[in-house]
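J.: Attaching a single structure in structure tokens format; questions to follow.
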Amino acid sequence: MGKKCEICGKGYQMGANVSHAHNRTKKKFNPNLHRVKVNMYGTIKRIFVCSKCLKANKIQKA
């Protein structure tokens, strides 16, 4: 369960690597996740949070 932000739900996106000869291969773009200690409802938990949520102060660090 470590591939999704637990605050906003951001997960991976699919795309393609495109070579110079325009050969396309499938690629997965993972979100920039950090494992942080968070104070949720009075308890301290470790959750995965994306950088955008950390920067926007959507969580309260423990």
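Read-outs throughout are calculated quantities, based only on the coordinates presented, and are distinct from any laboratory measurement. All of these numbers come straight from a predicted model, not from anything done at the bench. All Cβ positions, even for glycine, are placed from backbone atoms using ideal geometry, and neighbour counts span all protein chains on display.
J.: I need the chymotrypsin sites (Phe, Trp or Tyr not before Pro) found in the chain, filtered to DSSP loop residues with at most 14 other beta carbons within 10 Å of theirs.
T.: Sparse-neighbourhood loop chymotrypsin sites (Phe, Trp or Tyr not before Pro): TYR12, TYR41.
J.: Run the dipole for the chain about the Cα centre, Lys and Arg Cβ at +1, Asp and Glu Cβ at -1, nothing else charged, and hand back the magnitude in debye, nearest 20.
T.: For the chain, the charge dipole is close to 60 debye.
J.: Using the Cβ atoms and a cut-off under 13 Å, what net charge is assigned to the surroundings of CYS8, where Lys and Arg are +1 and Asp and Glu are -1?
T.: Taking every other residue near CYS8 into account, the sum is +4.
J.: Further, regarding this structure: Can you sort HIS22, HIS34 from fewest to most other Cβ atoms within 10 Å of each residue's own Cβ?
T.: With the fewest neighbours first, HIS22, HIS34 line up as HIS22, HIS34.
J.: Say we join alpha carbon atoms closer than 10 Å with springs in a Gaussian network model of the chain; which of ASN39, ASN30, ASN17 then has the biggest fluctuation?
T.: ASN17
J.: Which are the unpartnered cysteines of the chain, meaning those with no other cysteine Cβ under 4.7 Å from their Cβ?
T.: CYS8, CYS53 - these cysteines have no disulfide-compatible partner (Cβ-Cβ under 4.7 Å) in the chain.
J.: With an 8 Å Cα cut-off and a minimum separation of 6 or more residues, compute the relative contact order for the chain in percent.
T.: Computed value for the chain: 31 percent relative contact order.
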